[in-house]
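The values are calculated or read from the model by the stated rules, or taken from the named source; none is laboratory data. No experiment lies behind these values; they were computed from the predicted model shown. When we count neighbours, we look across all protein chains shown, and the Cβ atoms used for this are built from the backbone with ideal geometry, even at glycine. When the accessible area is computed, the model is the full protein with side chains, heavy atoms only, and any ligands, DNA or RNA have been set aside. Shrake-Rupley method; radii C 1.70, N 1.55, O 1.52, S 1.80 Å.
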Amino acid sequence: ASREQTTGGLSRGASGRQISDDIARVILGKKISPEVRRRMADQGFRGDLFNEFEKVARQELITVGKKTMNVRSYADMVSRTQLREAHKVGTVVRLQQNNIDHVQISRHKQAHADECTPYAGRVYYIGALPKDPLGFPSLKTLPNGGVPFHPNCKHVLMPYVVAFQGEKKTASALEDAKALPKRFYGKSSSEVRDLVKELGDKELKQVAPQGYDDIVDEEAA
């Protein structure tokens, strides 16, 4: 929510410096002035976010979704997630500038399947055309437009250069991409998380054949 509202504020014409300065005034002053509240509201910030900033200033516990967190832990989580978001955007732009049209999402061991699982290890299209001529799904159709899929998400985008992979590997990657059911595209992270929870072992292996062996039993972990 913080990322979306900050992005919304920037799209309305506010500078990143102005937004940062206003947030700093709230935190340092431990309350929000009418002037800053009005300016931030004009940039798309909701009133409930003002309250969260004030709680950060007072070093209180805050509730995020179903979790109650210390504000320092929350601030660390937000900063890590936004840095990964910035890294994703920078990676996509840099690859596009170098005429690289595909990325692969990294894989790592997971204690249990989650919203990352269906996409880990798979290849996605980031080119300028509406559809990939090779048939790979667009990165934009994934939750949050690709990594990070959730707070503290460790997955990253890696360049996938088709010319270096060869026809056999590219065909295998495309087959794997098409194995993911269409219901996993165009969804939010929370919606995908719910879909994954409904899967049995057999279905999970069909949905995430490349990533399945990386998933270890939650109790064993």
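Descriptive notes on the structure:
- THR68 accessible area, assembled protein chains, probe 1.4 Å, Å²: 90
- Each residue of segment 153-159 was assigned a 3J(HN,Hα) from its phi angle through the Karplus curve 6.51 cos²θ - 1.76 cosθ + 1.60 (θ = phi - 60°); the sequence is 4, 9, 5, 9, 8, 10, x Hz, with glycine and proline shown as x.
- Summing Lys and Arg as +1 and Asp and Glu as -1 over all other residues whose Cβ lies under 9 Å from the Cβ of LEU195 gives a net charge of 0.
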